[in-house]
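Heads up: the structure comes next, in structure tokens.
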Amino acid sequence: MERSVAAAVASCHGEVLAGFDADLLSALAVAAIGAGLDGAELARQLALDPVTGRDLVDRARGCGLLLPSDTLLVSVAEPLRATLGAQRLAGLQLDALQTKLSLGALDLPAARAFAAAGVADPDLSEFLCSQAESAAPRLSAVLYEEALWAGGDAETLALRRAEAAGRSGDVETAARLADGLLERAAQSTPEELAAAVRIAASTAARQGMLARSADLYEWLGSDRAGTDRPIAEMVLLAAGRPESAATMAGAAADAPPTSATAADTLLAAGLRESMSGSTPIALNSMSRALSLAANASRPRLLPDSAAAVAALAALHCGELGRAQSVLQRALDADLDGGVDRARHQLLLAWVSMVHGDLECAARTVDSIPSEDLRPRDSLFADALQVGLARRTGDIGALRRSWDRAQGVIAEHSVDVFSLLPLGELWLGAARLDEIDRLAHLIDQARDLLTRLGEPSLWGSPLHWYGVQAAILTETPADLIPHAAALGAAAETSSYAAGLARAGRAWLRVLQGEIDAAEVEQAACTLGAIGLPWDGARLASEAALRVADTSTATALLQVARALRPSPPPASTGTPSADREIGATLTERESDVARLLVTGLTYRDIGGRLFISAKTVEHHVARIRRRLGAQSRAEMLSMLRAMGHGA
């Protein structure tokens, strides 16, 4: 039925078109492009006087075959082609393009319409390429594709298409095009080859394979890296290849002093300094690199953004405020939704999680569309989910997050910039007693730090995760080497010194040798160096294990002071009810007394002659009444109140 109707409509249109003169058919051919009609341009193209050209536009509009936008009805396209012939139609549309070019009237919408209509012309292709150079990433990639439709040479445009595809987030297309360029390395100029390697290295980094990025730069060598030597040095350092990085850094500098090259050089210097020098100097170099990078005239696809590198360095030494500021500025400047936006959002969520603002971290992670995540981003996203579930004590969510992370764990190679998510996954594995599923990555991380000479800035957080993993598995012997590594780093790093002090305190807590003053000092130090949640956990655990009620109460007060205050309850419960000394009802006290002994809800219900579900409701009310942010804190507070003594 539909086919017969379409055939009848086409036949009708054909009969109407057969009665039109050549000029009117030419005007309709131009309208079929979708770029509108202009009387002066038609007059120029068809050798008519201006008045006749304007009249021709009016005749075309009055024939009933155009939309209000002066675009030909879709149902008329094939009958018009049949009436004019494909060759004549193509010739008229090419003439229309050349007329616009001669009058300087070609704009981007018209150029895209010509390309979509199948008009092939070198000048059209070049125009689209010139527009792509300054367009936003996603539009740029589309314009280069349309330049191919307009007759552009695929090999000539491959490098620019790869750059644009990568910057728009289409990593697969960028990698494919870059591989094609590398296959034709013998025919490429040194600049083209270096750019192809940079793009290939950048796509590999986003796929969680920075080792592949390092392989590419080692193959390229310092002689051919050119102005990308600082980028190569950063990749090689982050992949744990300091000798190759030193070769890149030692090559003669021949780059022009543009903002981009100066920013790359400063960022590489900052990363180099972070490996063996002064942390403040390293952070200062990275901050200056950020300022210069903002002035770069032509953004490029890079293995990582300057903002991400600077924020990661800040996170590794407890400078949460600096990391947050860097990331927020990068997000505010990213109006086009660039390729690094999801990475910056995830790192900002990491800042929130470490600081203890778990709700903000969860909201940020949930706001990122899953299709925007590359494997490297997925590693951070999964680690954040694991870290959030562990901190809230939600074992079900922890299990789901851990299982979901297995795919990315199986494919990822460890580098300096992935140590934080590795640490969070390590703790999730420890909590679930599945460290063996992550052991290969932990070993890779240790080897990486050894090759880099045990840099305190990058290694201290991982050793702190090792301390916490030993705490979760209650294996003090496993804690000792990490505490020793932190102790060695403490000689040059105040951040590591704070972690080392906390590690010693944890070891004594696990051994039952609790010094309340030492625990309080260590917990407060953790809060001061940007780890308030960790400090609160240390104080809470010590309170749970100490025998003296007054000491346990004091330590719980330390823990509560370190944790962010929960939002006010909407039930109107007086704030006094949230103090440690809050009064429980008689039934709640009965439940609390049995709860701290480790009984299940079913066992408690059996003893009190109530259902397990009722016990669960009582426990929820007890936790709200005390203002405890986790089950562990609630148990510590109940013990401090004397329940179960």
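The table that follows gives values for the structure above.
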item	result
Flag for ALA136 being in contact (Cβ under 8 Å) with a residue 60 or more places away in the chain, within 26 Å of ARG343 (Cα to Cα) and of a type outside the set (D, E, K, R)	yes
From the options ARG404, ARG437, ARG451, residue that is without any contact (Cβ under 8 Å) to a residue 24 or more places away in the chain and either within 21 Å of LEU210 (Cα to Cα) or among the charged types (D, E, K, R) (or both)	ARG404
Condition met for ALA330 (closer than 16 Å to ALA205 by Cβ, aliphatic (A, V, I, L, M) and under 19 Å from the mean Cα position of the chain (by Cα))	no
Residue list for segment 479-504, restricted to those being farther than 23 Å from MET275 by Cα and more than 33 Å from the chain's Cα centre (by Cα)	ILE480, ARG504
Qualifying residue in segment 160-174 (condition: part of a helix (DSSP H, G or I), buried (at least 20 other Cβ atoms within 10 Å of the Cβ), β-branched (Val, Ile, Thr) and at pLDDT below 95)	yes
Breaking point among (1) of a type outside the set (A, V, I, L, M); (2) outside any loop (DSSP other than H, G, I, E, B); (3) at pLDDT 90 or above, for GLU454	(2)
Unmet criterion (only one of (1) in contact (Cβ under 8 Å) with a residue 24 or more places away in the chain; (2) part of a helix (DSSP H, G or I)) for GLN328	(1)
Residue that is farthest from LEU124 (Cα to Cα), among those in segment 67-88 that are of a type in the set (A, V, I, L, M, F, W, C) and over 48 Å from the mean Cα position of the chain (by Cα)	ALA82
Residue within segment 373-380 that is under 11 Å from the mean Cα position of the chain (by Cα), charged (D, E, K, R) and not in a loop (DSSP other than H, G, I, E, B) present	yes
Residue tally, condition polar (S, T, N, Q) and crowded, with 22+ Cβ neighbours inside 10 Å, over segment 502-544	1
Residues located in segment 529-541, provided they are in a helix (DSSP H, G or I) and touching a Gly at 6+ places or on another chain (Cβ under 7 Å)	PRO532, TRP533, GLY535
Single unsatisfied condition, VAL74 versus (1) under 24 Å from ALA7 (Cα atoms); (2) of a type outside the set (Gly, Ala, Ser); (3) touching a helix residue (DSSP H, G or I) at 6+ places or on another chain (Cβ under 8 Å)	(3)
Matching entry among ALA117, ALA147, ALA105, ALA174 (being closer than 24 Å to VAL235 by Cα and in contact with a helix residue (DSSP H, G or I) (Cβ under 8 Å, 6 or more places away or on another chain))	ALA174
Filtered residues of segment 193-208 (kept if surrounded by 22 or more Cβ atoms within 10 Å (Cβ to Cβ) and within 28 Å of LEU422 (Cβ to Cβ))	VAL197, ARG198, ILE199, ALA200, ALA201, SER202, THR203, ALA204, ALA205, ARG206, GLY208
Segment 114-129: number of residues that are surrounded by 20 or more Cβ atoms within 10 Å (Cβ to Cβ) and in a helix (DSSP H, G or I)	7
Contacts under 7 angstrom Cβ, first residue in segment 606-633 being closer than 28 Å to ASP357 by Cβ, partner among the basic types (Lys, Arg) and part of a loop (DSSP other than H, G, I, E, B), 6 or more apart	GLN629/ARG563
Helices (runs of 4 or more DSSP H) wholly inside segment 1-68 containing at least 1 residues that are closer than 17 Å to PRO79 by Cβ	2-18, 22-31, 50-62
Scope segment 94-109; condition assigned to a helix (DSSP H, G or I) and surrounded by fewer than 20 Cβ atoms within 10 Å (Cβ to Cβ); matching residues	LEU94, ASP95, GLN98, LEU101, SER102, LEU103, LEU108, PRO109
Failed condition for GLY598, given (1) at negative phi; (2) modelled with pLDDT under 80	(1)
Single match in LEU472, LEU531, LEU479 (criterion: under 19 Å from GLY318 (Cβ atoms) and out of contact with any Cys (no Cβ under 6 Å at 6 or more places or on another chain))	LEU531
Candidates PRO476, PRO481 - the one that is at pLDDT below 85, under 25 Å from ALA429 (Cβ atoms) and surrounded by fewer than 21 Cβ atoms within 10 Å (Cβ to Cβ)	PRO476
Options ALA547, ALA517: the member that is outside any helix (DSSP H, G or I), without any contact (Cβ under 8 Å) to a residue 12 or more places away in the chain and over 35 Å from the mean Cα position of the chain (by Cα)	ALA547
Checklist (1) part of a helix (DSSP H, G or I); (2) more than 26 Å from GLY535 (Cβ to Cβ) applied to SER413, failing item	(1)
Extreme residue, surrounded by the fewest Cβ atoms within 10 Å (Cβ to Cβ), among residues of segment 360-372 that are at pLDDT 90 or above and not in a loop (DSSP other than H, G, I, E, B)	ASP366
Filter pass, ARG288 being of a type in the set (Lys, Arg) and under 18 Å from the mean Cα position of the chain (by Cα)	no
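For (1) touching a Cys at 6+ places or on another chain (Cβ under 8 Å); (2) outside any helix (DSSP H, G or I); (3) surrounded by fewer than 16 Cβ atoms within 10 Å (Cβ to Cβ); (4) not polar (S, T, N, Q), each residue gets a yes or a no:
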| site | (1), (2), (3), (4) |
| --- | --- |
| LEU388 | no, no, no, yes |
| LEU398 | no, no, no, yes |
| SER401 | no, no, no, no |
| LEU420 | no, no, no, yes |
| LEU427 | no, no, no, yes |
| ASP433 | no, yes, yes, yes |
| ILE442 | no, no, no, yes |
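Listed here are the residues, each with its yes/no results for (1) modelled with pLDDT of 95 or more; (2) surrounded by fewer than 24 Cβ atoms within 10 Å (Cβ to Cβ).
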| site | (1), (2) |
| --- | --- |
| ARG176 | yes, yes |
| GLN187 | no, yes |
| GLU191 | no, yes |
| LEU210 | yes, no |
| ASP223 | no, yes |
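The values are calculated or read from the model by the stated rules, or taken from the named source; none is laboratory data. This is a predicted model, so every value here is computed, not measured. Note: ideal-geometry Cβ built from the backbone for every residue, glycine included; neighbour counts use all protein chains shown.
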